[in-house]
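Below is one structure, written out as structure tokens, with a few remarks after it.
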Amino acid sequence: MKIAVLAGDGIGPEVIAEALRVIETLALPGLTMFEGDVGGTAYKRHGHPLPAETLQMARAADGVLFGAVGDPDCDDLPREYRPEQAILGLRSELGLFANLRPAAGFPGLEDFSPLKPELARGIDLLVVRELNGDVYFGNKGERDGEGGREGWDMMSYSQSEVRRIAHTAFAAAQKRRRKVTSVDKANVLETSRIWRDTVIEVARDYPDVALEHMYVDNAAMQMVRSPGQFDTILTGNLFGDILSDQASACVGSIGLLASASLGERQTAFGTFGLYEPIHGSAPDIAGRNKANPVAAILSLAMLLRHSLGRDADAGRVERAVSQTLSDGVLGADLGGSATTREIGDAVISALVTIS
Ligand code: NAD
Ligand code: IPM
Ligand code: MN
């Protein structure tokens, strides 16, 4: 079993350090870890945010544990050298089209949500975000026009792209509460009309799953009005990016939400994937031992489950995190004073008592 660890920039290395201490505590037999440079850190060391060796290391692993990329020093670089290109490159080069972003209320954290506690308590949703298409990967460019600089980013989706992510969402919903909300903007966008038609076609293969369609503006509103109505949200790359950050705030903090990015490749142990918090490099708090490592630790749990076939260990890590939070070991993002390291310590202490 091989894990490639790409910690990246800002708080990435800080939160990944805690996830690595958790995995050491699990002491999995036959596990080898490799560490690679990515993002602004890689640009500064090697002149590229996704060096060939890093991509190769990711390909050779059974799963990739990723921190975050993004560095204010690099914001003015040409696009291909920006740190964010590294994560986009990994997602596309590795064929990771399905991004799973679960958001569920943690018992004891209801009071830290900006929503009323009874609303926060009812959250148990999964955002299934398409990750290889949309406006992210369409033709883009800039030119001088009559109104000054003009930029464009082409939004497109093909039926085959929609079909495969729709299958992911319906299959996930079958293991949950059997409801898919497909979020689009079919009242305006051609891409969304193809999206909607294709989702309806795929739904015929899943008669046990209820399908509803919702425009993205309404979905954003419904998520704060009554988030408990959502089970599985199926959506495109851009809408999924936005709605998942919003879901994290509803739960309490962006420092809590993990994600799995999966493709089709199977390994000897499970499905190859990349696992990362949904948050970024948080330059505003980087280097201060203030970041919440829970999202990174829960990303490790997802890696154990999906890519290493270690479901029981994943469950242990998740229970240790829940216990830490319900014991009130909270960082500044949740109104507490625990440091990154202290939260890691608490998760590890809880883990050793859970069998
Ligand atoms: P961000 O997620 O980094 O931070 C948003 C806010 O949430 C900040 O106030 C930050 O301090 C806080 N925050 C984020 N993670 C936290 C944690 N674990 N604990 C406590 N607080 C946390 O988003 P941003 O500020 O918009 O972007 C910063 C950089 O990160 C940018 O360069 C952006 O492109 C990049 N980014 C990268 C990824 C990724 O690597 N997948 C994801 C999102 C943003
Ligand atoms: C995320 C991030 C990325 C995205 C950026 C850094 C490219 O916001 O993983 O949510 O937009 O997908
Ligand atoms: Mn995002």
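General observations
- Elements of type strands (runs of 3 or more DSSP E) contained in the range 231-310, each with 1 or more residues being within 16 Å of ligand 1 (Cβ to nearest atom) and in contact with a helix residue (DSSP H, G or I) (Cβ under 6 Å, 6 or more places away or on another chain): 258-266, 271-277
- The residue that is nearest to ligand 3 (Cβ to nearest atom), among those in the range 226-242 that are open to solvent by less than 20 Å² (accessible area, probe 1.4 Å) and of a type outside the set (S, T, N, Q), is Gly240.
- Lone unmet requirement of (1) open to solvent by 50 Å² or more (accessible area, probe 1.4 Å); (2) free of Cβ contacts under 8 Å to residues at least 24 places away in the same chain for Gln222: (1)
- Considering residues of the range 194-225 that are charged (D, E, K, R) and outside any helix (DSSP H, G or I) only, the residue nearest to ligand 3 (Cβ to nearest atom): Glu212
- Condition met for Glu118 (touching a helix residue (DSSP H, G or I) at 6+ places or on another chain (Cβ under 8 Å) and without any contact (Cβ under 8 Å) to a residue 24 or more places away in the chain): yes
The rows are residues; the columns are (1) under 20 Å from Lys290 (Cβ atoms); (2) among the charged types (D, E, K, R); (3) within 16 Å of ligand 2 (Cβ to nearest atom).
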site: Ala7; (1), (2), (3): yes, no, yes
site: Gly10; (1), (2), (3): yes, no, yes
site: Pro13; (1), (2), (3): yes, no, no
site: Ile23; (1), (2), (3): no, no, no
site: His46; (1), (2), (3): no, no, no
site: Pro49; (1), (2), (3): no, no, yes
site: Leu65; (1), (2), (3): no, no, yes
site: Cys74; (1), (2), (3): no, no, yes
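- Only one of Leu65, Leu31 that is hydrophobic (A, V, I, L, M, F, W, C) and in contact with a Ser or Thr (Cβ under 8 Å, 6 or more places away or on another chain): Leu65
- Test result for Asp245, surrounded by fewer than 19 Cβ atoms within 10 Å (Cβ to Cβ) and under 13 Å from the mean Cα position of the chain (by Cα): yes
- Residues within the range 177-214 that are loosely packed, with under 13 Cβ neighbours inside 10 Å and within 25 Å of the chain's Cα centre (by Cα), tallied: 1
- Any hit, the range 266-279, residues being assigned by TED's automatic domain parsing to the domain that holds Ala332 and without any contact (Cβ under 8 Å) to a residue 24 or more places away in the chain: yes
- Thr271 being in contact with a Leu (Cβ under 8 Å, 6 or more places away or on another chain) and surrounded by fewer than 23 Cβ atoms within 10 Å (Cβ to Cβ): yes
- Applying the criterion of being closer than 19 Å to Ala169 by Cβ and not charged (D, E, K, R) to the residues of the range 96-121, the residue that is farthest from the chain's Cα centre (by Cα) is Ala104.
- Residue within the range 112-119 that is assigned by TED's automatic domain parsing to the domain that holds Gly240, in a loop (DSSP other than H, G, I, E, B), loosely packed, with under 15 Cβ neighbours inside 10 Å and acidic (Asp, Glu) present: no
- Output for the range 242-272, where each listed residue is among the hydroxyl-bearing types (Ser, Thr, Tyr) and either within 16 Å of Ser226 (Cα to Cα) or at pLDDT below 95 (or both): Ser244, Ser248
- Residue in the range 122-144 that is under 18 Å from the mean Cα position of the chain (by Cα), part of a loop (DSSP other than H, G, I, E, B), away from ligand 2 (no atom under 14 Å from the Cβ) and within 15 Å of Asn237 (Cβ to Cβ) present: no
- Strands (runs of 3 or more DSSP E) lying entirely in the range 1-96 (those with 2 or more residues that are surrounded by 20 or more Cβ atoms within 10 Å (Cβ to Cβ) and in the same structural domain as Thr267 (by TED's automatic domain parsing)): 2-8, 63-68
The values are calculated or read from the model by the stated rules, or taken from the named source; none is laboratory data. Quick caveat: nothing in here was measured; it's all calculated off a predicted structure. No Cβ is skipped: glycine too gets one built from the backbone with ideal geometry, and neighbour counts run over all protein chains shown. Ligands, DNA and RNA are excluded from the accessible area calculation, which covers all protein heavy atoms including side chains. Shrake-Rupley method; radii C 1.70, N 1.55, O 1.52, S 1.80 Å.
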